[in-house]
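A.B. asks: The structure that follows is given in the form of structure tokens.
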Amino acid sequence: MEGTLKLANGSVYTGHWHGHINECSGELIFYTGMSNFLEFLTDPVVKDKIILATYPGVLNCQIDENKFESKDFQLAGLITQQEWINPANAESKLMTTFQKNNIPVLTGMDTRTIIKQLLKTGEMPACMSTNQLNYVNISDKKNKSEHLQKQIINPTGKKHLVVIDFGVKNSLIRWLVQFNYKLTIVPGETTAATIRKINPDGLVFSGGSGNPLHWKSYFNEYSEVAKAYPTLGFGLGHQILASAFGANIAKMKWGHRCFKHPVIHHATKLVYMTNQNHGYAIAKYGLKDSGFKPSFTAVQDGSIEGLIHENYPITTYQFHPDGKNTKLELLINDSFSHQLQQYKGENIYA
């Protein structure tokens, strides 16, 4: 069956439609990675987005739930140049799983031309359909936290952290547990008073999807608790914390969406490869008034990748720990562990 991809600017592309529904819509983004497909497609950051995968082998990916970043696939639809031929073991393949979950796929697409269009005009809303449909504007919706109630993980951990969940990734939970932290996961709507009653040793603002300004009504709550406890922020949490202290947010023309984005650490001048998935970034103008100063910047475009607050024990990172970048992730945890010890008044030895 023929299918159509129509962009917000009116551009139309055709391919072969696979799926049991007639249409879907969402922001069109692209993923250039040659692996980590399951991690990316289940990342809460890609919730309700249409993903253009540049690597032609994505449909051959075997399903391994141990690699999932959330319970389910998050994307609205998939675009790929690869054609689909049903293999003998189709049940374990990505395409079969998509069909069971009503996620449509357009194959045989001219992905090179579409990528060139996005690089020129930027990421934009789009509609996938089996017919030529008029474009309908898709608003940037606020995504609620997946966890509606408080959860406790690793209750015997030595230090107790509250994880504020804006779309927390499984890899972040595993990473924190490996350092023997007790974790209390709460929704993004949790108030400062509720967090104080939990009485944690520190806070973690998780990653998630969408514009950080959608959480603006909670900024006073977030800044209040971040001033009171050692605080880490990752991804969307990095942007929310900076915004809560007065920093500005900018929509990127196209996001950073891969697991090998180079960033430079200002203190050591070392370059690290990082895992990123975001379409917004901290703007450089007005940053000084927020009290934050950059700790990492992107090698490729100079965007801000990490922040340190000059008056409070708050450190944030645009990238995500996933247990694979040992040197960088030890650097992050060592710094945070030092802040936790200072907060509790423990003796610290060089």
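A.B. asks: Using a probe of 1.4 angstrom, how much of the accessible area of the range 1-45 is carbon and sulfur, in percent? Mind showing how you got there, number by number?
C.D. replies: Numbers: 890 of 1790 Å².
Answer for the range 1-45 is 50 percent, counting heavy atoms of protein chains only.
A.B. asks: Heavy atoms only, probe 1.4 Å: what % of the accessible area of the range 193-278 goes to carbon and sulfur, would you let me know? Each step should come with its number before you reach the end.
C.D. replies: Working: 1620 of 3160 Å².
Exposed carbon and sulfur together represent 51 percent of the surface.
A.B. asks: Here's a follow-up. Using alpha carbons only, what's the Rg to Rh ratio of the range 199-304 with Rh from Kirkwood? Before the final figure, lay out the partial values.
C.D. replies: Details: Rg = 13.8 Å, Rh = 14.4 Å.
With Rh from the inverse mean 1/r over Cα pairs, Rg/Rh is 0.95.
A.B. asks: If you don't mind, there's one more thing I want to ask. P(r) for the chain, please, calculated from all Cα pair distances in 20 Å bins and given in %.
C.D. replies: Calculated P(r), rounded to whole percents: 30, 55, 14, 0.
A.B. asks: May I ask you to list the lysines whose Cα is less than 18 Å away from that of LYS197, ignoring any residue fewer than eight positions away on the same chain?
C.D. replies: Excluding near neighbours in sequence, the set is LYS150, LYS159, LYS182, LYS227, LYS344.
A.B. asks: What percent antiparallel are the DSSP beta bridges of the chain, to the nearest 5? Numbers along the way, then the final one.
C.D. replies: On the way: 44 of 73 bridges.
So the antiparallel bridges amount to about 60 percent of the total.
A.B. asks: Let me ask another. Residue by residue, what Karplus-based ³J(HN,Hα) values in Hz, rounded to whole numbers, does the range 245-253 have, using 6.51, -1.76 and 1.60 with θ = phi - 60° and x for Gly and Pro?
C.D. replies: Coupling constants for the range 245-253: 9, x, 6, 9, 10, 10, 6, 7, 4 Hz.
A.B. asks: Which number comes out as Rg/Rh for the range 1-128 once both Rg and the Kirkwood Rh are worked out on C-alpha atoms? List each step's numbers first, then the result.
C.D. replies: On the way: Rg = 13.5 Å, Rh = 14.5 Å.
Rounded to two decimals, Rg over Rh is 0.93.
A.B. asks: Taking the highest mean first, how do the peptides 106-116, 189-199 order by number of other beta carbon atoms within 10 angstrom per residue?
C.D. replies: Working: 106-116: 17.2, 189-199: 14.4.
Highest mean packing first, the order is 106-116, 189-199.
A.B. asks: Below 20 Å, Cα to Cα, which aspartates and glutamates can LYS324 reach? Residues fewer than 8 away in the same chain don't count.
C.D. replies: GLU39, ASP43, ASP64, GLU65, GLU69, GLU305, ASP334
A.B. asks: Here's another thing I want to ask about it. Amide H to amide H, which residues 5 or more places from SER303 or on other chains are under 5 Å from it, using H placed in the peptide plane?
C.D. replies: ALA298
A.B. asks: Identify all lysines with a Cα-Cα distance to LYS93 below 20 Å; exclude those on the same chain that are fewer than 8 residues away in sequence.
C.D. replies: LYS67, LYS71
A.B. asks: May I ask you to give the solvent-accessible area per residue for the range 138-287, in square angstrom, as obtained with a 1.4 angstrom probe? Write out the running numbers ahead of the final one.
C.D. replies: Details: 6150 Å² over 150 residues.
Here the per-residue accessible area is 41 Å².
The values are calculated or read from the model by the stated rules, or taken from the named source; none is laboratory data. Note that this is a predicted model, so its numbers are computed, not measured. In this analysis, Cβ positions are derived from the backbone assuming ideal geometry, glycine residues included, and neighbour counts consider all displayed protein chains. Note: accessible area is taken over every heavy atom of the protein model, side chains too, but ligands, DNA and RNA are not part of it. Shrake-Rupley method; radii C 1.70, N 1.55, O 1.52, S 1.80 Å.
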